[in-house]
1. Do the sum for the chain: with -39,500 (n - 2.57) for every DSSP H run of n ≥ 4, divided by all residues, what is the mean residue ellipticity at 222 nm, to the nearest 500 deg cm²/dmol?
2. Under 5 Å between amide H atoms, partner at least 5 residues away or on a different chain: which partners does ASP186 have, H built in plane at 1.01 Å?
3. Which value, in debye to the nearest 20, gives the size of the charge dipole of the range 1-149 about its Cα centre, when Lys and Arg are +1 and Asp and Glu are -1 at the Cβ?
4. Using Cα-only point scatterers and the Debye equation, what is log10 of I(q)/I(0) for the range 2-240 at each q in 0.08, 0.09, 0.13 Å⁻¹, rounded to two decimals?
5. Given H placed on each backbone N at 1.01 Å, which residues far from SER138 in sequence or on other chains put an amide H within less than 5 Å of it?
6. Over 28 Å between C-alpha atoms is what I'm after, so list which of LYS110/LYS206; LYS12/LYS179; LYS25/LYS224 land there.
7. Excluding ALA173 itself, calculate the net charge of residues whose Cβ lies under 12 Å from the Cβ of ALA173, where each Lys or Arg counts +1 and each Asp or Glu counts -1.
8. Give the order of GLU54, GLU198 when sorted by the count of other beta carbons within 10 angstrom, beginning with the fewest.
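Computed from the coordinates by the stated procedures, all read-outs in this text should not be read as laboratory data. None of the values given here were measured: they were computed from a predicted structure. Cβ placement follows ideal geometry from the backbone for every residue including glycine, while neighbour counts extend to all protein chains displayed.
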Amino acid sequence: MQVGFKSDRGLKRENNEDACFVMPKEGVFVIADGVGGGACGEIASRTAVAMVAEYVRNNPEINITDITTAISYFLPCLEEINEKIIVMSETHPENTGMATTIVICYVGGKRAYFVNMGDSRGYIYRNDRLRQVTEDHSYVNDLVKTGIITVDAAVKHEKKHMITKALGGDLVAEPDFFKANLQEGDIIMLCTDGLYQEVESVEIKKILAQDHTMNQATSELVKKANQNGGGDNITVICIKV
């Protein structure tokens, strides 16, 4: 397994409210994208990734073999994070309204398991095909699923950044869980919306198709997002199987 990661403020944001953490030995990778005024977005995202890392260290026997065991392992962790962010928000007025998206990938043998809340995504690149494994919890995705707008219209929609689920956003954490089979040579990509809102899938595929190390690939993806406008923070993790 080869791993690369990079987080960048982008060109138009004052703070980087994204956070990420990689645990190659344990096979756990996580990205979070904080929301909220002032600095509270970055507090939420950093709290989330730090608590995931601490949880994994304290629970080293992962033993995930299917969706049921993935839920059993990760759901208590996300519930704890959700409660922590809510308490922080209620205790400190300057943190009112803070929340964070999250996407976690666990790689175990020939399978990957994804957990997400919000619009940070997990993909698998294979044979020049980029497949989004996770599903966005967002206002525009809800409109697309109900047939109100098209996928193309969603890309330009004025509310495309509005998320419908986040850690700290509701009293109950309700993440989605996904499983994907892996083949040798696959690249798993986790990212915040700062990447895919600026870089089209065809451009992402061109970069992943190159004979790059995963650190080079993440750097090129961030560079392309900034070249295309850099309107948001950009965070990417790439894992080559």
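1. -11000 deg cm²/dmol
2. VAL241
3. 700
4. Here the Debye-derived log intensity ratios amount to -0.27, -0.34, -0.75.
5. THR164
6. The pairs that break the limit, which is 28 Å between Cα atoms, are LYS12/LYS179; LYS25/LYS224.
7. -4
8. GLU54, GLU198
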